[in-house]
Each structure stands twice: as C-alpha cells, then as structure tokens.
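The values are calculated or read from the model by the stated rules, or taken from the named source; none is laboratory data. All values reported here derive from a predicted model rather than from experimental measurement. Positions of Cβ are backbone-derived with ideal geometry, glycine not excepted, and every protein chain shown enters the neighbour counts. Areas reflect the complete protein model, heavy atoms only, side chains present, ligands, DNA and RNA absent. Shrake-Rupley method; radii C 1.70, N 1.55, O 1.52, S 1.80 Å.
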Amino acid sequence: MNPTSAHLRTPETPLLAGLPGPWTAIAVVLALAIYPLIMSSLGEPFYISIGSRVLILALAASALNLALGYGGMISLGHAAFLGAGGYGVAILAKYGVVAAWVAIPAAVGLAAFAALVIGVISLRTRGVYFIMITLAFAQLFYYLAVSLPEFGGDDGLPLSARSEIPGLSLESDLAFYYFVLFTAGLAFVLLYRLVASRFGRALVAIRENERRMAAIGYPVFRLKLMAFVLSGGLAGLAGALLANLSMGVTPHTLTWHQSGLLMVMVIIGGSGYFWGGITGAAIFLLLEETISTHTEHWNLILGALLLFIVLVAPNGVMSLRERILAARRAPAAVPGKSAGEENAR
Amino acid sequence: MSHTILQVQELVKRFGGLVATDHCNLEIRTGEIHALIGPNGAGKTTLLAQLCGELAPDSGRILFEGRDITRLPIHKRVSAGIVRSFQITTLLPRLTVRENLALAVQARTGHSFDFLGTVADESDLDEGAEDAARRVGLIDVMEQIVGTLSHGKQRALELGMALACKPRLLLLDEPMAGTDPEESKRMGELIHSLREDHTLILVEHDMDAVFRLADRVSVLVAGAVIASGTPEQIRNDPQVISAYLGDDESAETEAVQ
Amino acid sequence: ADSMKVGMMTTLSGPGAGLGIDIRDGFELAVKHLGGKLGGITTEVIVADDAQNPETAKQITERFIKRDQVDIATGVVFSNIMLAVGPAFFAAETFYISANAGPSQYAGAECNPYFFNVAWQNDNLHEAMGKHVQDKGFKKVAMVAPNYPAGKDALTGFKRFYKGEVADEVYTKLGQLDYAAEIAQIRASGADALYIFLPGGMGINFIKQYSQSGMLKKTPLFAPGFSGDEDVVKAVGPAMEGVFNTSHWYREMDNPVNQRFVADFQKDTGRLPTLYASQGYDAALLIDAAVKSVGGKIEDKAAFRKALETVKASSTRGEYHFGNNHYPVQNYYLREVVKNADGSVSNKYVGKVMDKHTDAYAKECKM
Amino acid sequence: MLYLILEQALNGLQYGLMLFLLAAGLTLVFGIMDLINLAHGSLYMIGAFLAAAFYQAFQSFFPALLLAIIATALIGAILERVLYRRLQRMSHLSQVLATFALILIANETIKIIFGAQPLMIGMPESLSGPLELVADELYYPAYRMLIIVVGLIVALGLYLLVNRTRIGMWMRAGASNPEMAAVMGVRIKPLFTFVFALGAALCALAGALLGPLLAVSVGMGESILIPAFEVIVIGGIGSMRGALVGSLLVGMIDTLGRLLLTFGLKLVVDSATAATLGPTLASMMVSLLMVCVLFFRPQGLFPARG
Amino acid sequence: MSSLLSIENLETGYGASQVLFGMNLEVQPGEAATLLGRNGMGKTTTLRAVFGQLPAWSGEIRFLGERIDGQPTERIAQMGLALVPEGRQIFPNLTVKENLLAFAANRSGRADPWTLESIHALFPRLAERAQNMGNQLSGGEQQMLAIGRALMTNPHLLILDEATEGISPLIRREIWQVLGRLKRSGQAILVIDKYLNELMRVADHHAFIEKGRSPWSGDNDALAAEPELWERYLGV
Ligand SMILES: Nc1ncnc2c1ncn2[C@@H]1O[C@H](COP(=O)(O)OP(=O)(O)OP(=O)(O)O)[C@@H](O)[C@H]1O
Ligand SMILES: Nc1ncnc2c1ncn2[C@@H]1O[C@H](COP(=O)(O)OP(=O)(O)OP(=O)(O)O)[C@@H](O)[C@H]1O
Ligand SMILES: [Mg+2]
Ligand SMILES: [Mg+2]
C-alpha cells in the first residue's frame, strides 16, 4: 500500500556501487589476451573466432545494459543499432570505403544517429509502451532492409574483405581477435568511465525515480536520450565488428528475436552490473555452442534454462554473489518470509 | 516594502472539461512565507506544478523576478531558483540519505554530462549533502536506506532534497500531511527557520500551522484566488469561512448532540 | 581415406523446420540404404540446425570447417543462408552439395568449382510453370510474391517463358497471414490464371484462403512444386484440390530407386515424401557415386570434382546431369492435386513440361 | 471499385476482429494482472494445434472448436497457478524474459508432439461457400462472415462482462490495486486464474477459428503476436475499448492500406517506383501508425488507468 | 471473551526488520476505539497484520472469537472487517457508483443494511458524482467514498487509518460528524488519527502504541486523568 515499499520489494538491481576493481579488470584483460595463444597451442583455432564473437556480443549486450540496466529503458529494439552498424560497414564497403578508421566510426555514427531519432520519439513513452515502440522501430528497419534490393534484400550484404587498417591484415582470425579485443577494450573503458561518472550516477538515479530527479533540476529527457544514443552507438560498434567477423550482414540481425537474445544475455548476466552484459554473452554463447551441437532441441533446453534463471536468480548471475553474501550476513534471523513473498499481490 | 519575487498572471490550466486553474493571479513577495489554502481539488497542487514547470499552463504568464518563465523547462527553473517538494513523498527509496542528498547537490553544481570524472572522490558533493542533512535533522541517519526510514524522516528528507538545491523560492506541498503532532511541530520550526534565506509558498490543510507560520495567506477556490491577505484578515473573511474553514459554531453543536 | 565426414547443416527449428527435416531424413535414409557407407567408406553425418538464421549458419560453417573438418557439406534449405555460408566453404575448398538452395548468383557469374546443386536452380520451377501456362494458352495472368528480391526474381523467372499479358503483379508483406485483400484484388483484375511464389506458411495461408474464396474454381492456381508438395497438401486438406504445380520429381515416378525411396521413407517417418526428401536422398546418392568412382580418394580434390561433374549417379528422379555451372540439366513435370478414391488428396503426375532444361544463368558461368 | 473497397472493408473488419480476439486476452492479462505475456501467441498456437488434433479425431469442426477452447483454458489456468502467479510479482523485465523462454519451450514441445509440418483444420461444410451480399456484385465468404459475427459477439460480451458485471468491476479493481481489492473481500487469486484462463480461451477461439484459414504450424504465434501487441499499445493497454478500436484500426489500415497505397502512389510517382515503394510502405504501415499514435498520445488512444 | 477484535502479543515486521514486538489491542462490540502513536510506531503495520497482508511471526489475532492470523486477506474481509486505508486507495478506473456497488454485501447480517441510497443520504456529494471516475474526485470526496465503500460491506468493525490526512478543515469536520453518528448508531469503529481533540469527542476507548508495543490503554476518563500520557507518547 505504501508506494515506497513496492520499490523495496522488486529484485535488487545494483545501485551506485558495483563497479569492478582494477585488479579484476587487469586479470580479465590478461586472460583474454592469452586466450587465443592457448587455443592455438591446443590446436583449436576454431575457438579463436568463437572468442571474437563472444567479445563482440559482450560489447553489444553491455551497450544494451547501459540503456536497460543503468538507465531503466527496456529497449526491445537494440537489434536495429546492431544492424545499423553492420549495414553501415557493408554499404560503405560496397562503395569502396574499406579503411577501418573511416568505416567503423561512420557505422557507429549511423547507429548513434538512428538511436537519436528513435530515442527522441520513444523516450516520450514509458513502460510497456517504450518496449513496444522500440520494437516497432526495429521492425521498420527490418522491413526496409528486406525490401530494398540495394541492401541485398533478404540475402543481405556480403563483405568481400574485412575493414583495412594500415600495416595489419585482419584476414587472419588471430589478428582480427586482437583487433576486436583492442576495440572492445576501449569501448569497455569508456563504458566504465560513463557509469562511474556523475552522468552514470544521475542515470541510475533517474531509473530509480524520474520525477524526483526532474524536480531537483536534472534535464531528465536529455540525460536519458544521451544514454540511449551512447548505448545505440556502442551497439553499432558491435554491429560493425560483427559484420567484419561474419563477412557480411543480413536482415536477420534486425529481427526482434535478435533484440530478445541481446536482452536475454543482459539478464542472464545481470542487468545494471558492469560485468552483466559480458558474463551474460559469454554464458549464452558457450551454452549455445555446447548444447546445440548435441541436440536439435536446443531451444527447449534454452527455454527451460531461462525460466530457471528468472525464477531462481531474477537478476542474473552477477547478483548471485551479492545474494550469497547477503544470506551469510543475515542467517535466517527472522522467522518471517522474505519481503518479496509476503505481499503476494 | 520588499519587492515581488513571483507573479502569476491570469494563469489557466484545463484538464479536458475541467478548469483546474482558472485565471489565477498571485503575487509572492521576497522573503515571505506565503500560505496557499483552499478546499480539496481547488487546484493548489496543479498550480504548484505549473510554477515548477511540471505542467504547462494553457494560457497566462508566470514571472520570476520579473523574468517570464512560463515556458521554461523544470531544470532551468531549478537553476533559476524555484524548487518544489511533493505532497506524496517522492524520493529514491533504495538509496541512502547521503546518496539522495548528494544527487541534489550534484544537480545544482552541474556537470551531469561530465562523463569522465568518477564520483567517489568528490568531497564537495558530500559537504553539500551533510549541510542539507544537518538543517533537516538527518545527519545521524546519513547511511540509512531511505525506504526504511519512518514517514516523518522521509518528509524531512523530502524537504532536505529541495534545500540541497539552494532554492530562492521553495514550494512546499503539504509538508505536514501524515506527520504526528510532534513531528508537525518540528517541521513547523524547520519551516520557520527557512524563512531567513528563502521565500516559501506553503500549501497546507493544518490551519494551526498555517496561521502560526504564514506572513500572508491566499485562498484558492475552484482554480482562482478568492482572497489574499494577512492570516488575521483571512481567518475572518466570511467568504473563506463558508468555502473552506467552516463555521466553528455549527461543528461544535453537531458533535455535542 | 577410409572414412569421411559429411556436414549436414539444415533448418530444423523455426517455421521452416519441416523442409530441413525432410532433407535430413531423405539423406539419412539413403545412407541407411547404403549400409552406413557412402562410396564404400564409412561415413559420419554431422547434423546441425541453422535455425534459419544466417548468423548461426555462419558459426556452424566455421565449426564444420575448422573443428570437425568435414569433407563434404550439404543440407541448406534457404538461399539467403546459402549465400551467407558459401564463401567460407569455397575458401576452405570444402565441397558443397546443395540439396535445395539454388541461388542464381552461384549459377551464374559467381559459380564455383566446389559448389554443386542436385535440386534445381531457384528459377527453374517458375520457368517451367511459365512455359506450361503459356502453352495452355492463358492470356492474362496475375502473380503474387512477397516483397523482397527473391520474390521479384521468381516472377521474372516465370515471365521468361510466359509472354502474355500480366493482369496484376502483387507484392505482399513478408510473412503475411491474411490475403483476403490480395484475393479480392486479383478477382477485380479479371485474370484468367494466377501464379504464386509464396514459400512456407505464406503459401499455405494463401492457398487455403484462395480456395475458400471460391476463386480456385474460376481462376486456376499455378504454383512452384514446393507450394504444392505433400506437406502443404497435408496442411491445406481437401481445399487443395485442383492446384497445379511444377517439379523435377513426382512421387509415382517409375524407377526402382524412387519406389524403394518412397516406400521406405513412408515406413520410417510416417510421412509422404516431399521434393525436399527426394533431394536429400539424391544428394547422398550423388556423393556415393562420386566417392565410389574415385575409389574413396576424396583427398584428391581435382579428381573428386571431376567425378562429381561426370559420374552417372542413380536418383529418384531418373536421369539428370550437371551443366557447366554444376546445376542439373533435367526434365520438369506438371503435377495436380487431386482427390483420391479414399477422399484424401495428393499430387498426381500430369505430364512433362520441359525436357532437359538448363537454367538461364549457366552462360554467365566461366568455370 | 466501390464494391472492391466495400469488400476490402469487410476484410479489414474481419482481420481486425481476429486481432481483437488475441488483443483482448493480451490486454486483459496485462491490464488486470500487470503481466507482459509474450507467450500469449503460444497459447494461440496451442489452441490451434489442439483444435487440429480434435478435428482429426472427430472430423467435425464445432466440437473440435469447443474442446480446444476448454482444453486451452485449462492449460492457461494451470500455467497461471504454476508459473504466472510467481512472475506477476516480478519486474517487467523478468516477465519478458520468462515468457520469451515459454515461447521457445512451447514451440519445441509442439514440434516434438505434432511434428514440424503444418496441420489442417477443415472448414464446416455449410460455411464453405460465399454469401451473396449484393446480387451479382458483392460476394463474401460465409466463413469469414462467421468470424466477423463471432468477433462482434465476443467484443460485446467482453464489454458487458468488464463494464457491466460485478466480476468486471472486481477485475478492474484488481487491476488498479489488487491489495486493496483483497482488503475489500475480493478473492484475487481465483479471479486472476479466471482472467488468465479467459485470455487463453480467447486465444484458442482465435486459433481454432483461424485454423481453416491459416497454416496451423509451429511459430504461428509469433507472427501474430507483434500485431496483437501493436493493437493494444495503440488502443491503450488494459482498455477493452482501446483493444477493439485498435484492432479495427490496424485491420482496416493494413488491409485497405495495402490496396490503396500502391494505387495512390501511382498517381504521384512513376509506376515502377510505386510498385517497389507501395508494398514496402504497406508492410511498415502498422508500425508507423503505432509510432505516430504514441508520438501524440504516449499512453495510447484510450488509456485505461488514471 | 466478547471482544470483537483482539490482538495478543503480536510480533511482525518487514523482511529482517521487526516492527511489532508483542502488540496488544482490543475492540469491543459497539464501541469507538482509537490507536494513538507517533509516526512509524507500527499503527499501519498492525492493521496490515490484522488484514493478513503481513504474516504474524508470533502472537494471536482474533475476530469474532475466531483466529484470523494466517487467513487470507479476502477471507478476513468477508468475515466483516472493513478498512478505510491510509491514502484512500480509491479504484481510479471504477465510477463512484461502481466503487460503492462492487463490494456491497451484508457481512454483519444487519437488519437495516447500508445501501447505495443510505450512503448517498449520508454523503450527498457522492450522489452528485455518481458517474465520475474514482480519480476525478478531490481528496475530500475520495475520503468520503472510501468510507462509503467500507460501509457498503456492512462490517462488524470499521477501521479508519488517518482518514483526515490532507483533508480541508470543512470536510474534516464533516467526517468527524459522520463518525459520531455512526458510533451512535451502534457501529464499532477503530480510528487512527492525529486530531486528538476530535478523537476524544468521538471515541470511548484509547490505546497507545510505541515501538511496536501497547504501553497503555483505557477509556476516556482514564486518559483525561493522565495528561502526561500525551506528552510521553505523542510529544504534545
Ligand atoms: N492529470 C489530471 N487529469 C485530470 N484531472 C486532474 C489531473 N490532475 C488534477 N486533476 C483535477 O484537477 C483538480 C485540482 O486538483 P489538485 O490536485 O490541484 O487539487 P488540490 O487543490 O491540490 O487538492 P488537495 O488539497 O486535495 O490536494 C481536481 O479536481 C483533480 O481531480
Ligand atoms: N514495506 C516496508 N518495508 C520495510 N519497512 C517498512 C515498510 N513499511 C513500513 N516500514 C517500517 O515499519 C515501521 C512502522 O511503520 P507503520 O507504517 O506501521 O507506522 P505508522 O505507525 O502507521 O506510522 P504513520 O503514522 O507514519 O502512518 C516504520 O519504521 C517503517 O519505516
Ligand atoms: Mg494537492
Ligand atoms: Mg500509518
């Protein structure tokens, strides 16, 4: 009955803390840097490109996490930005622009611009309306891409070669992996700075209570729009890299299923956690890679797994650690049930 | 005679067929506590919402220190010095008191589009937050999660958030609603103390508080100001008595029957 | 080699799953008939589901090439997926035997020594129907296809042989459900025949609704073979009676390979075999014949390619051979959905439409 | 031309009412239980498959329809008890994820049970012909007429249920404030089970009714889910009136738009451009409509709450 | 044991934080009782426990002699307990008339039950607004509606939680008058409010709550005899 108590009951999303320490970051970077070397020495070069894919989708999921986890904007249309980045690179390549330092920033710019347009309109709405309007925009992009022969229609646009950087060929999987690692690494540093900054703090607070933040003088709409554009731009970067990895882009990247999967990754990992998108993408792709080779009913298992995660760890794997810590701190002190259960509505 | 800080001229706001603010005129003088009273549904909250920019009026003008702010967005009005508190407590319930207040200070000091500085080492925000907490008596509960505070403390924080923005004109919407007699009293003292640095518009149904605190009172009925004056004038205004205050005598007799 | 690996990547989940399942089952039936060996050497078939998603397909392709190191790949149903994965197979010099997808790119300028198609070039069934409609003397034909490039290509294929007036050319939304508006439009156009290219569920929906509108009796419906196949018949039911379709294969084909295939497929799966199943079966037979002719030495890629190009493989459709672009040169037939004695409906062979037909892109192929 | 437009209007009405059957359930469940159910389309699919199975067993349409509705409502009630009741307390995000998972599970399960090939539901013989509405000029398939009639009856029935009965009042009360409704003595849990089962029954009705017109196949739920969501968002979530108006709007615009857009464009640009642009725009039209509506009315046309 | 409602040694709280530590309270048939205490002492929490919205960790709650702790909310309501809640909680998407009719029942089996007409007679304003939606009412009208809505269930016990919060003086006075009339008609009432003078006039029996316990209870005269209680438990 008390409006504030409703907020207290929702699954605990992280608030202003929850950023990784420098040592964790360094360890992760080191591990990622030697990963392909290990795979090569094991004679499993296949896993290098899997590694690139994981990194790229981790970036995409983290981009979505910025809007969804930190900003509370549940976008079911982020595939549009992934696709915008991919098509940006592919279209430029079609017209002969293959230099990475031109094509990739241009693709990111295109995605960010798309996010700006979509954001300006969508951010007027709230809740489910926002979910649906972002979905509708992604659908618009999909139909556009499918029906325009210039974009290859249903067949998509192939990329005849990867983007070029002077002095280094990206054609080998290993070189490309390091290129992805470097680019995604930069993006993650940017993301880290974003969520740790005053901007990030204001964003999280807006997620918590928009009306209050407006009343104490935050330009709420502009802050949310900015986050949405940054999120779209970063998703576009992921899309540009993905197109380079798979040597082309197809309208399938734009389907709502793809948006749904990105969201699934974020939630598996933990929305609003810095490592949420990364963990989620890694877990998802590794599961897919291992399970789908053994059964054609992979979707059944994925579905069951997702359901299990929602019911057991509604805020993802990253929240488990906190929940375990919390449980240890308060060892069944109260005979009552947890706050969530008693107010069954 | 002090000069006018806020002027409302012929303000109109409609919700469908309902005229919630009906050619409303109002003048607030610098440094006063101006109480705004009126029956339920008279349009007090709606008027405040227009003053702070949450609602856009259909016509009329709002002048703040002589400047037309009718179309200014909320955050620009906050930086100009108009801040409101809410009738229904509106806080960030999952954050601590310190975090709540620091956010308010951050809004004032700007840089919310500063993407690169980290928050952790910003002692100026902390100082501002502690300042505000001291004024509203929350300095002892700085690290507590707001959602677990008692109603009265939340009301105090509601006010503290507004204060942390360093407003010149403070709009208070029923700050005493739902507070117990003791906390009402404390809130009254707090409001009284604010008077030194701020101009206040106070919407309140607790008449004891209104007549004790206010320098001037305006009475809003059906969206228009029907009377404006000192507490004494208002208390005895027959129009106000019949529309709002009620006739003490009749009530007494009814209850005793 | 004394053993080989075949990568079977096809669509096993999602709306298009039925087709992929048929290809896989057809292929596996052939392997079973051949005692688990193709060309006399032990064959492992690695099955993977592309989920009709080009991205997934690319991942599987990587795995096939780099980890499983398959010798031969097959199975893709949809052309857009084929185009997405083709370059990777070709770069790795892995033979790809398409059991369905036959994009025009790979038939023409982008033809590739490592790509073979045992089904048909995408335009073929449309061309065959164009010819039939032309031969039958229809003068004013309306056409329906989804609004994407493949839809336009299909109608172009049809018009390559149909020379009469086009009453109306309607492009629908991809994945559309309700075609009442289009059907009314076709009726208003005064067409004397209708040709549709609506793959998958779109075709089923359209044919049902077309039949129910009473139009099927007035304006005959012509479709490519896959829109009149047994899976569609099963979904549409008796309303399907009277739909004409063209195909390079029909169930009653009078040859022992086909008869054994049809009987055993039905016995094993409980379904009537479709085009797709026959193509999967034929793909396995082709591999079998080619491997046998090189004596199992598939490492010698040049020799193996030569064998694939020239070997006379037995097949469910009788005789066919490859053109210069590795697409089949074969006959096309007309089928009609008719009511059987027991009240059920199924396809019946009507007659031959094209003899030893070569696709239109072959001349652009410089291989 | 007049009769063509008239016929298309009927088609639009029919398509709209079919969307309404789904949108009504979706909006009930969302508005009343505050639950985003992406798996609503799966209930529609389950309803259609059950109808097909019953049809194959009995070779008769109406018994199959009835049995499918009952069975699906039962499945809905069980799902609500076992799963949705928990989801209801969770964030929208969790609901999206969980019901997305349900879609995957439902599709795969149906495929395992019924196979990947589409199934058939036969149409009742008596309704298979066309009706002559205007002698020699306007014929309309009797079966589609049935859908229109059933759709209108259901719309009226739902309107009366929600707006005129005590159960309807409880449903609305429970929608805006379930805790308070319980304090007033409403048995909220059975009420929610009922609402969910009702939504499932409407799904089955739609699935079975459309069975003779559309392919009964795995994944049929998703293709209808997005239009149904668009409908309720345009109409205003939780509002029965909004669902009806939204459905008819979407039905009409989609149907007539496809026809008129290409015609109209031909007047403005050359016919080749019109032929490409027309269908492309037509396929985007409903999404565009939604974007426009939400731009001017971010809460939809008939917002239900406050 | 003829109490209408009795709470004995009730303990409960939210999650890990306990709010009630052995709370006691009794309401007799036909009387008007109050529950007095500062903010956050657990008044509303007590009511939430009574209505089964919060599980009792220990202790007993009885209504009409029957244990009701552990029962579902709607069952407790149907036994004849009605609440005018904090913040009114009018159903915004029901009309005024529907808000009244939706839950109409005669739960106490009264001979002359409250009906729409008698509620309209009690609050003529509600008759004027019968077709308005719940959210189109002013705060005071909503408060009247909340009382009317509760009365329409003809409860054995009517509970009001801060029914005068945010209400203008004129209407506040009306509400007190109505409560007086209800009490005189024999309706049992439990009131939580901060206007002590009015409470003294309406109620027969008072209980204080502090930190989740009830340190004192007694009738009007006993309370008048110990003015220091005001100071101690309410700070006035
Ligand atoms: N968003 C809205 N849409 C429609 N009507 C509204 C809206 N907001 C307020 N109203 C109506 O406008 C009128 C004025 O409301 P307002 O909240 O300003 O009154 P108030 O004077 O603050 O009353 P109270 O003392 O009860 O808080 C009321 O009749 C209310 O129902
Ligand atoms: N949902 C909740 N979660 C956690 N703590 C809560 C919750 N609701 C209330 N509390 C705490 O329980 C205590 C008692 O609150 P309660 O609402 O019962 O007080 P009250 O006596 O009704 O006060 P008021 O006069 O302000 O209404 C307070 O300290 C409050 O902070
Ligand atoms: Mg107000
Ligand atoms: Mg309380």
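Points worth noting:
- Per-residue [θ]222 nm for the protein assembly as shown (sum of -39500 (n - 2.57) over DSSP H runs n ≥ 4, rounded to 500): -16500 deg cm²/dmol
- Scoring A:272-282, C:308-318 by mean Cβ neighbours within 10 Å over their residues and listing the highest first yields A:272-282, C:308-318.
- Measuring between their Cα centroids, the range A:220-245 and the range D:271-287 lie 29 Å from each other.
- Average beta carbon contacts from partner chains per residue of D:270-278, 10 Å cutoff: 2
- When you restrict to C-alpha pairs under 8 Å that are six or more residues apart and normalise by the size of chain B, the relative contact order lands at 26 percent.
- Dimensions in Å of the range A:20-329 - Rg and Dmax from alpha carbons: 19.1, 61
- Expressed as a fraction of 2.2 N^0.38 Å, the C-alpha radius of gyration for chain C is 0.96.
- Farthest toward positive dipole pole in the range C:84-177 [+1 Lys/Arg, -1 Asp/Glu at C-beta], among C:151, C:172, C:109: C:172
- Dipole magnitude (debye, nearest 20) for the range A:20-329, charges at Cβ of Lys, Arg, Asp, Glu: 1560
- Label positions at residue B:208 and residue A:26, each projected 7 Å from the Cα along the C-beta direction, are separated by 6.4 nm.
- Cross-link pairs exceeding 28 Å between alpha carbons, from the set C:306/C:356; C:140/C:234; C:5/C:356; C:163/C:217: C:140/C:234; C:5/C:356.
- Stretching residue B:3 away from residue B:109 to a fully extended chain increases their span by 35.4 nm, per 0.36 nm per residue minus the current alpha-carbon distance.
- Angle between chain E longest axis and helix E:169-184 axis [Cα atoms, degrees, rounded to 10]: 80
- Pair residue A:41, residue E:8: separation of 7 Å Cα→Cβ label points (nm): 7.5
- Chain C - accessible surface per residue (Å², probe 1.4 Å): 32
- About its Cα centre, chain B has a charge dipole of approximately 860 debye under the convention of +1 per Lys or Arg Cβ and -1 per Asp or Glu Cβ, with nothing else charged.
- Farthest positive-ward along the protein assembly as shown dipole, Cα basis, beta-carbon charges - from C:284, B:72, A:63: C:284
- Label separation (residue E:200 vs residue C:309): 11.3 nm, computed from points 7 Å beyond Cα along the C-beta direction.
- Dividing the mean sequence gap of close Cα pairs (under 8 Å, 6+ apart) by how many residues chain C holds gives a relative contact order of 20 percent.
- Separation of alpha-carbon centers, the range B:1-77 and the range C:7-48, rounded to whole Å: 76
- Look at the stretch E:36-42: the mean tally of other chain Cβ atoms within 10 Å of its residues' Cβ atoms is 5.
- The angle separating the long axis of helix D:220-235 from the principal Cα axis of greatest extent in chain D is about 80 degrees.
- Considering only alpha-carbon pairs that sit under 8 angstrom and 6 or more positions apart, the relative contact order computed for chain A is 31 percent.
- Ordering of E:7-16, D:214-223, D:36-45, C:235-244 by packing is D:36-45, D:214-223, C:235-244, E:7-16, highest average first (other Cβ atoms within 10 Å, averaged per residue).
- Shielding value for B:77-84 is 2, the average number of Cβ atoms from other chains within 10 Å of each residue's Cβ.
- Where only C-alpha atoms are counted, convex hull volume of the range D:8-216 per residue in Å³: 129
- Unit charges on C-beta of K, R, D, E only; dipole of the protein assembly as shown, Debye: 1600
- Applying a length cut-off of 24 Å (Cα extent along the axis) and a mean Kyte-Doolittle floor of -0.5 to the DSSP H helices of chain A leaves A:22-41, A:46-65, A:100-122, A:127-147, A:173-196, A:220-246.
- Sites residue A:165 and residue C:160 - FRET efficiency at Förster radius 60 Å, r taken between beta-carbons, to 0.05: 0.85
- Degrees separating the helix B:97-109 axis from the principal Cα axis of chain B, which is the longest one: 90
- Residue B:166 contributes about 130 Å² of solvent-accessible surface, heavy atoms of the protein only, 1.4 Å probe.
- Subset of C:152/C:352; C:292/C:348; C:208/D:111; C:131/C:366; C:159/C:218; C:152/D:266 violating a 29 Å alpha-carbon distance limit: C:292/C:348
- Efficiency of FRET from Cβ geometry, residue A:323 and residue B:15, R₀ 45 Å, rounded to 0.05: 0.50
- In this structure, residue B:123 and residue B:150 have a Cβ-Cβ separation that, at R0 = 22 Å, corresponds to a calculated FRET efficiency of about 0.15.
- Dipole of chain C, positive end: most advanced residue of C:30, C:245, C:16 [Cβ charges, Cα centre]: C:245
- The range C:230-298 and the range C:316-367 have Cα centres spaced 12 Å apart.
- Gyration tensor verdict on the protein assembly as shown (Cα atoms; rounded if a/c is under 1.5, prolate if a/b is larger than b/c, oblate otherwise): prolate
- Peptides A:197-204, E:58-65 ranked from most to least packed give A:197-204, E:58-65, packing being the mean of other C-beta atoms within 10 angstrom over each peptide's residues.
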